Amino acid sequence: MYLKLRKDSIFIADSHYNKKNQELFVLLNKISNKQINPSQLFLMGDIFDFISAESKYFVNENKNIIDLINKISNEIEVIYLEGNHDYNLQSLFPNVAVFKRENQPVNFCFDKKIIAMAHGDIFTPWHYNLYCKIIRNSFLLKFLNFVDVNSIISRKIENSLLQKNICNTFDDFEEFSKKRLHNYNEEIVVEGHFHQGKTFKYKNQQYVNIPSLCCSKEYMIFNEKFQGVSL
């Protein structure tokens with residue numbers, strides 16, 4: 001049984017919320033204050049620059065966003081596809097449908113069409129898959145949190161992420177899209193992760209890459225088709 005995708009759903013990806021990237025706070029406030037009224041909210045991963053439920057420093061630093069998402073989830077359906085910067089989140093968002101990396105892609109249906117959704121860091125080499133399992137290990141994260149005296153480790157991670165340049169454009173998006181579609185059988189594939197904000201049709205399939213909110217200041221609305229919207 002497939003989950004249902006509704007008209008007027010909003011898709012946010014790769015906002016990498018931190019002290020520098022504040023676009024997510026602006027957009028979520030508009031939703032919370034009813035300036036924007038989506039039927040569903042899809043958070044397509046890397047919404048935070050880094051967070052896990054075990055990392056107390058980052059949970060405290062991002063409390064305003066956590067509270068906003070939880071407030072919105074009491075009013076509309078929120079679906080969160082964990083990314084490579086945000087994971088082990090279900091305990092932070094009790095009313096949100098959270099999907100871990102290993103449970104992606106997630107299939108939705110609309111008008112007899114099947115839409116596969118994922119953050120995008122799947123169908124990857126074995127060594128990356130192993131790395132993902134290690135960094136998501138709850139016992140390891142709790143141990144690192146325990147030894148993180150005065151948040152020295154967390155602050156180093158935070159400062160490193162703040163200096164990182166994550167915005168780029170692919171030279172050949174069409175060829176890239178074909179390779180991504182090769183992993184799927186569904187008619188429509190929706191991913192974040194790659195920060196391109198483009199769509200591409202190939203044979204009987206369509207590839208949709210949700211824009212990075214922090215890079216292009218855009219998100220997408222679904223109303224029978226996916227359309228980019230400026231913040």
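Conditions tested, residue by residue: (1) touching a residue at least 12 places away in the same chain (Cβ under 8 Å); (2) in a helix (DSSP H, G or I).
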position	(1), (2)
His127	no, yes
Cys132	yes, yes
Phe139	no, yes
Lys142	yes, yes
Asn145	yes, yes
Glu158	yes, yes
Asn165	no, no
Asn168	yes, no
Asp171	no, no
Mind counting the residues in region 2-19 that are at pLDDT 95 or above, part of a loop (DSSP other than H, G, I, E, B) and more than 11 Å from the chain's Cα centre (by Cα)? 5
Within region 184-208, considering residues that are without any contact (Cβ under 8 Å) to a residue 40 or more places away in the chain and within 21 Å of Arg6 (Cα to Cα), the one farthest from the chain's Cα centre (by Cα): Gln205
With criteria (1) more than 20 Å from the chain's Cα centre (by Cα); (2) more than 22 Å from Lys203 (Cα to Cα), Phe93 comes up short on (1)
Within region 8-19, does at least one residue satisfy the condition of being in contact with a strand residue (DSSP E or B) (Cβ under 9 Å, 6 or more places away or on another chain), surrounded by fewer than 15 Cβ atoms within 10 Å (Cβ to Cβ) and over 30 Å from Ser151 (Cβ atoms)? yes
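Yes/no matrix, rows are residues, columns are (1) on the phi > 0 side of the Ramachandran plot; (2) buried (at least 17 other Cβ atoms within 10 Å of the Cβ); (3) part of a loop (DSSP other than H, G, I, E, B):
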position: Leu28; (1), (2), (3): no, yes, no
position: Ile31; (1), (2), (3): no, yes, no
position: Ile36; (1), (2), (3): no, yes, yes
position: Glu54; (1), (2), (3): no, yes, yes
position: Asp67; (1), (2), (3): no, no, no
position: Ile72; (1), (2), (3): no, yes, no
Which count do you get for residues in region 168-201 that are exposed (fewer than 13 other Cβ atoms within 10 Å of the Cβ), within 26 Å of Asp49 (Cβ to Cβ) and modelled with pLDDT of 95 or more? 0
Evaluate region 212-221: report whether one residue or more is part of a strand (DSSP E or B) and farther than 12 Å from Ile10 by Cα. yes
One residue from Leu144, Leu162 being within 21 Å of the chain's Cα centre (by Cα) and at pLDDT below 95: Leu162
Can you name the residue in region 101-121 that is more than 13 Å from the chain's Cα centre (by Cα) and without any contact (Cβ under 8 Å) to a residue 40 or more places away in the chain and is also nearest to Asn84 (Cα to Cα) among such residues? Glu102
Pairs, first on the phi < 0 side of the Ramachandran plot in region 1-18, second among the small types (Gly, Ala, Ser), C-beta under 7 Å, six or more apart: Arg6/Ser39; Lys7/Ser39; Ser9/Ser39; Ala13/Gly45; Ala13/Gly192; Ala13/Ser212
Within region 136-157, can one find any residue that is surrounded by 12 or more Cβ atoms within 10 Å (Cβ to Cβ), out of contact with any Lys or Arg (no Cβ under 9 Å at 6 or more places or on another chain) and closer than 22 Å to Ser212 by Cα? yes
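The values are calculated or read from the model by the stated rules, or taken from the named source; none is laboratory data. Being a predicted model, the structure only gives us computed values, none of them experimental. Positions of Cβ are backbone-derived with ideal geometry, glycine not excepted, and every protein chain shown enters the neighbour counts.
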